[in-house]
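Structure first, commentary second.
None of the figures in this text is laboratory data; all of them are computed from the coordinates on show. These numbers were taken from a predicted model, which means no experiment stands behind them. Cβ sites come from the backbone with ideal geometry, for glycine too, and all protein chains shown count toward neighbours.
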Amino acid sequence: MRLIRRLVNSSALAVACLVLAAHAVAQGVDPRRQWAQWRGPEATGVSPTANPPIEWSESRNVRWKVEIPGRGHASPVVWGDRVFVLSAVPAVASGEAQHAPRGGLTPRGSHRFVVLAIDRQTGKTVWERVATEAEPHEPGHTDNSTWASSSPITDGESVFAYFESFGIYAYDMNGRLRWSKDLGDKRMRNQFGEGSTPALYGNTLVIVWDHLNGESFITALDKRDGRELWRVTREEIDTWATPLVLQVNGAPQVIVPAMKRNRAYDLATGAVVWESDGLTMNPIPSPVHGDGLVFLMSGFQGNDLKAIRVADARGNLDGTPHVVWSLDRDTPYVPSPVLVDGILYFLKTNSGILSAFDARRGTPHYQNQRLDGVPNVFSSPVAAQGRIYIAGREGTTIVVKAGPTYEVLAKNSLDDEFDASPALVDREIFLRGASHLYAIGGN
């Protein structure tokens, strides 16, 4: 491994994160009330403050519905009065279809990589920027038929749009480009497409760049100017999971699932803090954390879930008590898990089959509960107010009561398909479909 450059020390980073939160509050925006990144304000899939609706339809509790050009699996993020969405728009002649069909490889052709800032109250586009226009070097996969699968991130000062092989772009909140950076081209196994999202912590953006042909690495960028702070090579192939940055013993660690080895890196230096046996091929679900444990899982060509106690973890954790429990069945392929009040919820492969486990003990409350009317799920469950929201590919979102017994609160169908995960803010849900962005609010 080779370190290119070192960051400031980790205590300074912790202070920077607190300063940023204080700055946001001083602006009248509480970060805990936003959905500023993939998996929400605490990277668990849970909003600690939102109280969204339980029921909706095309004729009920839809505040607005707007068409989004092109296609994207990027989940919306919300800050203040803005909703930010990324999309890849085919550069076709006027009047031709703008939405790529499902059920086949996405046509390569030239695409515009678009960043949209949408008014949260009205659904009107406040600004739209074309980050770049390019022809993808690989076709898309049937189930990932877009080149806009990575979700945007915002800290209330900048919006970071990550299009992976097509670059990362930092805009101010008014759409002015601050900086951009090209990290090269990824080559994904079987042309499965891209879809990892960076993690933002303080002034640092962390990107995992694992792919098949060429050097895999993890890198840290200064969010203010895109300057590379350090880079560490990785002997891994395709990883889609978004890294988790977590304070452990007062110092931030970057926790990265992978096929060969799961690793935690020191955010300040890129040095490996601990590692463990890896997961299955194609790790996609993002880790979640709670009660001192981190949960890593995958479900392609096998099943694997590991619950790791991170306090005082150092070196090789294999065969140590730090691996608190594990599971080798019924784990998700694409959807990330969600952790609510000590219960870990996860889906089987990409199907509407839900399990709920005691997060500390690894014992099931229930297993393989079929979600009626939700056969296929590629989005990730989210939660608020003791309710779990699971958006299905065919357009139905099921609302399940959080707790040790399975109870359905509502099933809500819309005229769209959902692969992007919902965003929960205040009394609203923002759902990005194949064609439209919905603002759901009411009751």
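Can you tell which of 74, 131, 219 lies farthest toward the positive end of the dipole of the chain, using +1 and -1 charges on the Cβ of basic and acidic side chains (Lys, Arg; Asp, Glu)?
219
Suppose every K and R has +1 on its Cβ and every D and E has -1 on its Cβ; what is the size of the dipole of the chain about the Cα centre, in Debye to the nearest 20? List each step's numbers first, then the result.
On the way: 45 positive and 48 negative charges, 99 e Å.
Dipole size: approximately 480 debye.
About the Cα centre, and with charges only on the beta carbon of Lys, Arg (+1) and Asp, Glu (-1), how big is the dipole of the stretch 247-314? Nearest 20 debye, please.
Working: 6 positive and 6 negative charges, 23 e Å.
With Lys and Arg at +1 and Asp and Glu at -1, about 120 debye.
Mind listing the long-range amide H neighbours of residue 340? Cut-off is under 5 Å, sequence gap 5 or more, other chains count too, H placed in the peptide plane at 1.01 Å from N.
Distant-sequence amide H within range of residue 340: 345.
Run lengths n ≥ 4 of DSSP H only: what is the helix-derived mean residue ellipticity at 222 nm for the chain, with -39500 (n - 2.57) per run over all residues, to the nearest 500?
Details: 1 runs with 17 residues, N = 443.
Mean residue ellipticity, 222 nm, calculated: -1500 deg cm²/dmol.
Mind ranking 177-184, 280-287 by how tightly packed they are, going by the mean number of other C-beta atoms within 10 angstrom, highest first?
On the way: 177-184: 14.8, 280-287: 23.2.
For the peptides 177-184, 280-287, the packing ranking is 280-287, 177-184.
Nearest-5 percent of antiparallel DSSP beta bridges in the chain? Please list the in-between numbers first.
On the way: 117 of 121 bridges.
Antiparallel bridges: around 95 percent, rounded to the nearest 5.
Any idea how far the Cα center of the stretch 263-295 sits from the one of the stretch 47-80, in Å?
30
Taking only the alpha carbons of the stretch 388-443, what extent do you get along each of the three principal axes, in Å, biggest first?
35, 25, 17
Put +1 on the Cβ of every Lys and Arg and -1 on every Asp and Glu Cβ in the chain; which of 390, 301, 288 then has its Cα farthest towards the positive end of the dipole?
288
At a Förster radius of 35 Å, what calculated FRET efficiency corresponds to the Cβ-Cβ distance of residue 225 and residue 67, to the nearest 0.05?
Numbers: r = 35 Å, r/R0 = 1.00.
Taking R0 as 35 Å, the efficiency between residue 225 and residue 67 is 0.50.
What ranking, highest mean first, results for peptides 40-48, 332-340, 214-222 when packing means the other Cβ atoms within 10 Å averaged over each residue? Write down the numbers at each step before the final one.
On the way: 40-48: 21.6, 332-340: 24.6, 214-222: 19.4.
Ranking, from highest mean packing down: 332-340, 40-48, 214-222.
Report the label-to-label distance for residue 409 and residue 215 in nanometres (one decimal), using points 7 Å from each Cα along the Cα→Cβ vector.
Taking the simple label geometry, residue 409 and residue 215 are separated by 4.9 nm.
Let me have the relative contact order for the stretch 10-441, percent, based on Cα pairs under 8 Å that are six or more residues apart.
15
Kindly rank 270-278, 321-329 from highest to lowest mean number of other beta carbons found within 10 Å of each residue. Please report the intermediate quantities before stating the final value.
Values: 270-278: 19.2, 321-329: 15.1.
Highest to lowest by the protection proxy: 270-278, 321-329.
Find the Cα radius of gyration of the stretch 10-441, compare it with 2.2 N^0.38 Å by division, and give the number to two decimals.
The stretch 10-441 yields a ratio of 0.90.
In the chain, if the dipole is taken from +1 on Lys/Arg beta carbons and -1 on Asp/Glu beta carbons about the Cα centre, which of 36, 59, 366 is farthest to the positive end?
36
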